[in-house]
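> Here it is, the structure, as structure tokens.
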Amino acid sequence: MKALRSLREWPLVRQFADGDPLGLGQSAQSNRSKNLAPRIASADSVTPSICPYCAVGCAQLAYVKDGAVIQIEGDPASPISRGRLCPKGSASKSLHDGSLREYTVKYRRPYGTEWEELSLDDAMDMIVDRFVSTRDAHWQDETPEGNPARRTLAIGNLGGATLDNEENYLMKKLLSALGVVQVENQARI
């Protein structure tokens, strides 16, 4: 009887027994595929978000279960992306919890061959010290023609594509106030 039951599980036998000779209906489903459920079915909540990779601003839905993101998909209600995401946007869950994500500040000293970990406070202090010393060393009160300049040309800033308009706006305001005139970002398509 068990052998007959196993024979009944074969797709070809199911096709004829279920009246589905072309195998386009239920007979084409395996037991595993009959029991599949979408990844998002077990989510506790859904949080709307924006893809961080470029300036397009595609809307995303982050599905959360037990406080952890389990899936990120495009938001079909978005007039910008209409539920679609590019390959980078589709893989943005790995940006959140990928195995290669760094959680510490890494620093390689000049002429060094190895990376070392720094505390965030030490790294920020290094950046500020270098910024202030470069600004002081290359400050121009006036142009060679004698016009007011109040700037430094020794520092430039290139914002990344993951910054949104508001972040770029704040960076531009801060850097302009500090006398940096070479400020750009790649948040354009």
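> In the list Val64, Val56, which residue meets the criterion of being farther than 30 Å from Ser6 by Cβ, within 26 Å of the chain's Cα centre (by Cα) and assigned to a loop (DSSP other than H, G, I, E, B)?
Working: Val64 fails: assigned to a loop (DSSP other than H, G, I, E, B).
Criteria check complete, one pass: Val56.
> Sticking with this structure for a sec: Working only within region 8-35, note down all residues that are assigned to a helix (DSSP H, G or I), at pLDDT 75 or above, surrounded by fewer than 10 Cβ atoms within 10 Å (Cβ to Cβ) and of a type outside the set (Lys, Arg).
Of everything in region 8-35, just one residue is assigned to a helix (DSSP H, G or I), at pLDDT 75 or above, surrounded by fewer than 10 Cβ atoms within 10 Å (Cβ to Cβ) and of a type outside the set (Lys, Arg), namely Ser33.
> So the check is Cβ under 9 Å with 6+ separation or different chains; which pairs have a first residue in region 140-157 that's at positive phi and a second one that's among the hydrophobic types (A, V, I, L, M, F, W, C) and in a strand (DSSP E or B)?
Arg150/Trp139
> Return a yes/no flag: does region 62-75 have any residue that is more than 30 Å from Gln186 (Cβ to Cβ) and at pLDDT below 90. Explain how you work it out, then say what you get.
Here is the first cut: in region 62-75, the residues more than 30 Å from Gln186 (Cβ to Cβ) are 64-68, 70.
From the residues that got through so far, the ones that are at pLDDT below 90 too are 67-68.
So far as region 62-75 goes, yes, one or more of its residues are more than 30 Å from Gln186 (Cβ to Cβ) and at pLDDT below 90.
> How about region 67-128: which strands (runs of 3 or more DSSP E) wholly inside it have at least 2 residues that are of a type in the set (A, V, I, L, M, F, W, C)?
Correct list: 68-74.
> Residue check: is Ser81 touching a strand residue (DSSP E or B) at 6+ places or on another chain (Cβ under 9 Å), surrounded by 13 or more Cβ atoms within 10 Å (Cβ to Cβ) and more than 17 Å from Val181 (Cβ to Cβ)?
Taking the combined requirement at face value, the residue satisfies it.
> If you take the residues in region 74-115 that are outside the structural domain of Pro52 (by TED's automatic domain parsing) and of a type in the set (Val, Ile, Thr), which one is nearest to Pro48 (Cα to Cα)?
This residue is Thr104.
> Where residues in region 158-180 are crowded, with 16+ Cβ neighbours inside 10 Å and assigned to a strand (DSSP E or B), which of them is modelled with the highest pLDDT?
Of everything passing the filter in region 158-180, Val180 is modelled with the highest pLDDT.
The values are calculated or read from the model by the stated rules, or taken from the named source; none is laboratory data. What you see is a predicted model, and the numbers here were worked out from it, not measured in a lab. Neighbour counts run over all protein chains shown; Cβ positions are idealised from the backbone, glycine included.
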